[in-house]
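Structure first, then comments.
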Amino acid sequence: MDLDLLERTLTELGEPAYRLRQVWQWTAAGADSYQEMTNLPQALRGALTAAVPFSTLTVQSEARAADGTVKVLMRTADGRPLEAVLMRYRDGRHSLCLSSQSGCPLTCTFCATGQMRFGRNLSAWEILDQALYFRRLTPVDHCVFMGMGEPLMNLDAVLAACQRLPDLGISSRHTAISTVGWIPGIDRLAAQPLPLRLALSLHAASAELRSTLMPVNDRYPLPDVLAACERFYARKRRRVFVEYVMLAGVNDSVGQARELAAILDPTIFKVNLIPYNPTGTGLQGSAPGAIAAFAAELERLGLSATVRLTRGREIAAACGQLAAGAVAA
Ligand code: SF4
């Protein structure tokens, strides 16, 4: 819902200022339409239905996996595709994976989004409407910006959306922004007041390999990126999650685990190993045994390491798979 358009419309209709708050409260609580907003006069509900689309996005398709994961392909009003995912975990968490851009200007070789043409930055309302779509299905409590796009290249809109997520039930402490290492954005994120989490997509400890997997490494070299993360920690006192996608025969040897441990301060960084989901890039995921050995070596060297639970693989909703459907669409 475009709240700027809503505010202008309410003003033009001569409505009191509290109407905006009323509409937002209903929307954030999961209302399906203006008609549900019973403390609004009936005539106003009709006028808003005609003047302010209930969502800035239209749903093109929705896929549901047996594990409860829901992936939705949406389009903006100007036809740009984007995807968002709801993941239900056994411990009761309902976590959203949101997109910040339609497509992505960066070209990480393992990522389906990187293979698709970049469209544009999404507005705050387009980001928020992804979360509202799922809020209408179920209560939600966690959020990661790990869908399409590099969120720190669109930080104003991402932060504006994050300001409102607590109204949906997602606190800033339960919201993580994932970056490939966009240094100006990391510093801005550290300087703003919300207690958001930072996650760094790292994927390789050596400069050569990282540049092969993630060309952005040439622009922002890893030592500079890690220094920016350390500044973030110094300011926010929140540990930084390192995301490391496990690629068979590429970055998954025990020796590479040692290289990784050598560059990460265990008081600042926690490592999250991500089993790779095939995206047609030619890369293969590591075997479970290789992931376990990698994690054990990190732990032996004093670095906290977890292995991410894979959700929604069969509907291409797992990490690195977003946009596969959108490319074909
Ligand atoms: S991994 Fe992230 S930054 Fe890299 S191409 Fe994919 S969406 Fe863009």
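You will find that of Arg188, Arg300, Arg237, Arg210, the residue that is among the charged types (D, E, K, R), at pLDDT 95 or above and over 23 Å from the mean Cα position of the chain (by Cα) is Arg300 and no other.
On inspection, Val158 passes the criterion of being touching a strand residue (DSSP E or B) at 6+ places or on another chain (Cβ under 7 Å), farther than 19 Å from Ala234 by Cβ and either within 16 Å of the ligand (Cβ to nearest atom) or assigned to a helix (DSSP H, G or I) (or both). Within the stretch 161-177, if we keep just the residues that are among the aliphatic types (A, V, I, L, M) and part of a helix (DSSP H, G or I), the residue that is farthest from Leu189 (Cα to Cα) turns out to be Leu168.
Looking at Thr113, Thr76, Thr58, Thr49, which one is more than 15 Å from the ligand (Cβ to nearest atom) and surrounded by 17 or more Cβ atoms within 10 Å (Cβ to Cβ)? Result: Thr76 is the single residue among Thr113, Thr76, Thr58, Thr49 that is more than 15 Å from the ligand (Cβ to nearest atom) and surrounded by 17 or more Cβ atoms within 10 Å (Cβ to Cβ). Is the stretch 251-270 home to any residue that is under 19 Å from Glu150 (Cβ atoms) and either charged (D, E, K, R) or over 24 Å from the mean Cα position of the chain (by Cα) (or both)? No, the conditions are met nowhere in the stretch 251-270.
Within the stretch 5-23, none of the residues are within 19 Å of Ala161 (Cβ to Cβ) and in contact with a Pro (Cβ under 6 Å, 6 or more places away or on another chain). Scanning the stretch 82-110 for residues that are within 9 Å of the ligand (Cβ to nearest atom) and hydrophobic (A, V, I, L, M, F, W, C), we see that the one that is nearest to Gly149 (Cα to Cα) is Cys104.
At least 3 residues being in the same structural domain as Cys108 (by TED's automatic domain parsing) and under 20 Å from Gly302 (Cα atoms) is the threshold, and among the helices (runs of 4 or more DSSP H) wholly inside the stretch 192-260 those reaching it are 222-236.
Do you know which of the residues in the stretch 116-154 that are more than 10 Å from the ligand (Cβ to nearest atom) and at pLDDT below 95 is nearest to the chain's Cα centre (by Cα)? This residue is Gly119.
Evaluation of Met214 against the conditions (1) within 15 Å of Phe269 (Cα to Cα); (2) buried (at least 21 other Cβ atoms within 10 Å of the Cβ) shows that the sole unmet condition is (1).
The values are calculated or read from the model by the stated rules, or taken from the named source; none is laboratory data. Remember, it's a predicted structure, so these values are computed and weren't measured experimentally. As a convention, Cβ positions derive from the backbone with ideal geometry for all residues, glycine included, and neighbour counts pool all protein chains shown.
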